[in-house]
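The values are calculated or read from the model by the stated rules, or taken from the named source; none is laboratory data. Keep in mind the model is a prediction, meaning the values are calculated, not measured. With ideal geometry, Cβ positions are generated from the backbone for all residues, glycine too; neighbour counts draw on all protein chains shown. Just so you know, the surface numbers come from the protein's heavy atoms only, side chains and all, with ligands and any DNA or RNA stripped out. Shrake-Rupley method; radii C 1.70, N 1.55, O 1.52, S 1.80 Å.
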Amino acid sequence: MSKKCSVRSLSDSALAELANLLVSTISYVQYAPDVHLDINIVMVELNEYLAQSGATSNIYQDLLRVILSSDYLDANMRFTCLQMLLNCGVTFLVTEVFPFSYYEKILQVIAAQGAGLRVLNIKGIWVKEEHMHYMYEIVRRCKQLVKLYVPYIANDQLLEEIGKCSTRLQILDISGETDITEIGIDVLAKGVCCQSLTVVDVGMPGEENICHSDIALILEHCPQVETLSTYSFVGAALKFIYDNVDDRFKCRLKYVHDTGTDESALHVIMSTCPRLETLYLDTPKTGCLRALHTRTLRKLKIYKFVVAELLPLLERPIGRNLRHLTMIKGTGNLELGKLARLCPSLIDLDCYMIDSLSYGQAHAKFQQLEGLEILSSAIMTSSLKAFLCNSTDLKRLAVDTVEFTDEDIMSMFVQHDFKVLEDIWFTLAPELTVQAVELLMDSCPELQSVGQLTGWSLTPDDLALIRGLLKSGNSSIRLQ
């Protein structure tokens with residue numbers, strides 16, 4: 001039987017009730033025709049009520065989180081609550097999305113009342129040049145910031161303010177299309193946060209909108225940095241340091257994303273990143289993979305590659321140590337049984353746009369595989385069935401197109417014990433009917449979601465019946 005919907009926790013219920021009380025009170029004051037009260041006085045009185053009731057900083061934070069993320073409250077109500085609840089005891093704030101007309105007011109509130117913030121995320125506020133002076137003031141006043149998320153709006157002066165004021169900053173998101181130049185990067189990299197920064201999310205995936213030599217400044221002067229997140233040319237930045245600054249340079253990078261990598265660049269990555277755990281190679285040059293030699297790598301993502309070049313690499317200790325493997329646009333046939341022999345410890349396997357996949361009944365199987373995704377990759381139904389029957393520890397399964405019948409579902413999921421399977425997704429399964437859904441629900445005790453049912457052979461009446469049964473049985477399964 002499927003799992004049941006859990007009972008809402010007492011703390012969540014109490015929080016929702018308190019948020020509803022505040023919102024309804026403010027709404028009554030603002031919109032009731034027979035009420036003429038000053039909203040500012042009402043906000044003070046509501047804050048006094050919260051203080052007398054023993055509200056802690058965590059309660060203020062949770063109220064802000066619930067209210068600001070609500071899909072049902074208008075922008076004016078959310079802003080009023082932000083204005084009322086943000087105080088020096090609040091350490092965590094995510095503004096969420098607001099209309100442009102609220103940007104200036106929100107920034108003013110944060111600058112005036114957010115001195116205690118340690119985490120500030122304004123991804124939903126697209127600050128324009130005329131309002132950037134508020135951002136500078138926020139950075140100057142919020143001296144406790146540990147995490148700051150300001151994508152798409154950063155410029156050199158903002159980086160200068162961060163470099164002067166943010167002594168505790170560890171995580172900085174300045175990604176996206178920005179006006180950052182070498183001047184701002186240099187001030188940031190040599191500023192007061194250079195010894196504390198561990199994550200710098202910078203640039204745009206696939207685009208070198210910030211020169212690799214500028215990124216090299218961060219790597220050279222911020223020794224604790226472990227990831228540059230969205231920057232896609234880290235290898236070029238490392239090679240710049242290696243060739244022009246120090247050929248014995250070492251860094252703490254655990255994640256590297258590089259594009260158009262050749263053998264010499266990969267050699268530099270291996271030499272300069274002794275702690276590397278995750279590597280994403282986008283369109284590596286032919287023959288470069290032979291330079292990949294590390295025992296610390298746990299995740300490998302590779303885009304536009306030749307299968308025949310990848311497999312010899314996985315025969316080394318790298319293959320035995322891998323936990324996550326994502327392959328995109330691979331040329332040639334990938335034999336999944338051989339992959340299981342070379343990478344027995346894989347937890348997640350993603351195959352996108354591989355020319356062909358194959359598997360035989362007697363082939364090796366993965367011992368720890370929990371997640372499997374096969375999209376836009378040719379694989380015979382018999383191979384896929386054999387592989388799934390040998391992968392009964394899966395928690396997540398997604399295949400875009402399958403030719404399975406209800407009888408196939410019976411032979412795989414009823415006759416084999418998929419006791420931990422939580423999510424199953426077949427985008428297009430024209431032969432599967434309501435019987436297949438019922439079989440999956442009955443045979444997979446941990447099942448949480450089944451999809452994409454619009455691509456299955458189900459009628460609206462079938463879906464209505466199943467949803468009714470799930471609701472009447474308090475089942476937690478989501479039909480998508």
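So the values come out like this:
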{"read-out": "Within the stretch 377-469, helices (runs of 4 or more DSSP H) holding 2 or more residues that are in contact with a Phe, Trp or Tyr (Cβ under 8 Å, 6 or more places away or on another chain) and buried (at least 20 other Cβ atoms within 10 Å of the Cβ)", "value": "381-389, 434-443"}
{"read-out": "Near pairs, Cβ below 8 angstrom, 6+ apart or cross-chain, from the stretch 397-416 (farther than 16 Å from Glu438 by Cβ and modelled with pLDDT under 90) to any residue that is open to solvent by 20 Å² or more (accessible area, probe 1.4 Å) and of a type outside the set (Lys, Arg)", "value": "His416/Cys389; His416/Thr392"}
{"read-out": "Residues that are acidic (Asp, Glu) and closer than 21 Å to Leu145 by Cα, drawn from the stretch 163-212", "value": "Asp173, Asp186, Asp201"}
{"read-out": "Close pairs (7 angstrom Cβ cut-off, 6 or more residues apart or separate chains): free of Cβ contacts under 8 Å to residues at least 60 places away in the same chain in the stretch 165-178, among the hydroxyl-bearing types (Ser, Thr, Tyr) and in a strand (DSSP E or B) anywhere", "value": "Asp173/Tyr149"}
{"read-out": "Unmet criterion (only one of (1) crowded, with 18+ Cβ neighbours inside 10 Å; (2) in contact with a helix residue (DSSP H, G or I) (Cβ under 6 Å, 6 or more places away or on another chain); (3) modelled with pLDDT of 90 or more) for Ala75", "value": "(1)"}
{"read-out": "Complete set of residues in the stretch 54-72 that are farther than 17 Å from Gln113 by Cβ and either modelled with pLDDT under 85 or of a type in the set (Phe, Trp, Tyr) (or both)", "value": "Tyr72"}
